[in-house]
1. If you count, for each residue, the other Cβ atoms within 10 Å and average over each peptide, how do 91-100, 318-327, 405-414 line up from highest to lowest?
2. Tell me, what HN-Hα J-couplings in whole Hz come from the Karplus equation 6.51 cos²θ - 1.76 cosθ + 1.60 at θ = phi - 60° for each residue of the range 356-366, using x for Gly and Pro?
3. How far apart, in nm, are the 7 Å Cα→Cβ label points at Arg31 and Val53?
4. Total Lys pairs in the range 151-300 closer than 23 Å by alpha-carbon, pairs eight or more apart in sequence or interchain only?
5. In whole Å, how far is the Cα centre of the range 363-403 from that of the range 181-244?
6. Please report, in debye to the nearest 20, how large the charge dipole of the chain is about its Cα centre when each Lys and Arg carries +1 at its beta carbon and each Asp and Glu carries -1 there.
7. Mind listing the phi-derived Karplus ³J(HN,Hα) values for the range 153-158, rounded to whole Hz, using 6.51, -1.76 and 1.60 with θ = phi - 60°, and x for any glycine or proline?
8. Where Lys and Arg each count +1 and Asp and Glu each count -1, what net charge lies around Gln30 among other residues with Cβ under 14 Å from its Cβ?
Amino acid sequence: MTQHVDLLLTNIGQLLTMESTGPRAGKDMQRLTVIENAVVAIVNGEITFVGTVESAQGFKAETIINCQGKLVTPGLVDPHTHAVFSGSREHEMALKQQGVPYLEILKQGGGILSTVEKTRKATEDQLYEKARFHLDRMLSYGVTTAEVKSGYGLEPETELKQLKVAKRLQENHPIDLVSTFLGAHAIPQKYTNNPEAFLKEMLSILNQIKQEELAEFVDIFTETGVFTVEQSRAYLAEAKAKGFGLKIHADEIDPLGGTELAADLRAISADHLVGASDKGIEKLAESGTIAVLLPGTTFYLGKEIFARARKMIEEGVAVALATDFNPGSCPTENIQLIMTFAALKLKMTPEEIWIAMTVNAAHAIGRGDSAGQLVVGRTADVVIWDAPNYLYLPYHYGVNHVNTVIKSGQVVSKRRDVIDSTSSSKS
């Protein structure tokens, strides 16, 4: 019996389906389903068949893509980015190399306050165009779903402006976006001596954010010199009461207890975690809160100690990976580079890395039921790689291995014209 399909991917060397009923934790992060000599069929943007070429009989396709023995995987998921901002801070690199302390850079008008100033001055359209540029680049590296945070306003008007831009991008850009309100990203100068008043101001716009559907999650930076565990607990508790999911920038530098707080509040994720304590890691495993690790940030800041991914996985924590793309501490959209950092600095295996960038990353932003897997019934978000197998990407670093990105069954990014497409063909 002939089956009519819109798109048929054939001659796939290795296909990673990443099928899973929930986040993968501990030893389960080592388990990959790999189908060799595979075929994927797509109808109306949805996957209708996954299997070997021997079992793929009777298909008639509008378009056939011959993958020429290449690796094919789900679209990658980036669960932690700050993609909506204005300006850049390249001039600060030389100051950092000279050993100028960050607080001194702040006094000179740099640091996060520099980005805040430029973001406040930018129009919605200017922020939209700049963010679209960055998202286009992320898409070219294989990202089809991503989280994007506010946090460069530190005042209601600009925070709302950032979130409105993210909503416009979600409506118009191929990448599916999940928005997080990070108003509590830093303490603005006028609130230096009264951070509680600033947090109250940020909480005052939660009703509007909820009503206008501008964000699904609320985040806070729990760290030395920013917000304490006690302040963060009260802030997040109020956000949770208003129906928001919770995220925490936790223990990036010092082990303050942000990791434990994330577990106590059943946050969907705790991010950074370089200084997470043994107790905090144990509680993450117990709570099911996903650890989102950002090795690109640790690398860019020149730190020697990275998050203890091996300890987390051994304790049964579900680990995800992200770029943390932002203008200050990790200015890269290259999620493939993060794969190599995860291998070399976090000592994660290739299997763990792929799970962390698909299944677990999707669950870390509430998209576990729609992103990160290539299984029948899912949206066809697919990447064809110029790579012979899944081991190759962490190994060969610093370049873009994407050949073709397919989003919802449509080719949206193609870097090389080496794949043959044939219309109205049978297989």
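Derivation of every value follows stated rules applied to the coordinates shown; laboratory data play no part. Here the structure is a predicted model, which is why all the values come from computation and not from measurement. Cβ: placed from backbone, ideal geometry, glycine included. Neighbour counts: every protein chain shown.
1. Details: 91-100: 11.8, 318-327: 27.9, 405-414: 19.2.
In descending order of packing, they fall as 318-327, 405-414, 91-100.
2. With the stated coefficients, the range 356-366 comes to 5, 9, 10, 4, 5, 5, 5, 5, 5, 10, x Hz.
3. With each label placed 7 Å out from Cα toward Cβ, I get 3.0 nm.
4. 26
5. After rounding, the separation between the Cα centres reads 33 Å.
6. Values: 42 positive and 52 negative charges, 79 e Å.
Once rounded to the nearest 20, the dipole reads 380 debye.
7. x, 6, 7, x, 4, 6
8. On the way: positive: Arg24, Lys27, Arg31, Arg310, Lys347; negative: Asp28, Glu314, Glu351, Glu352.
That sum, taken over residues with Cβ under 14 Å, equals +1.
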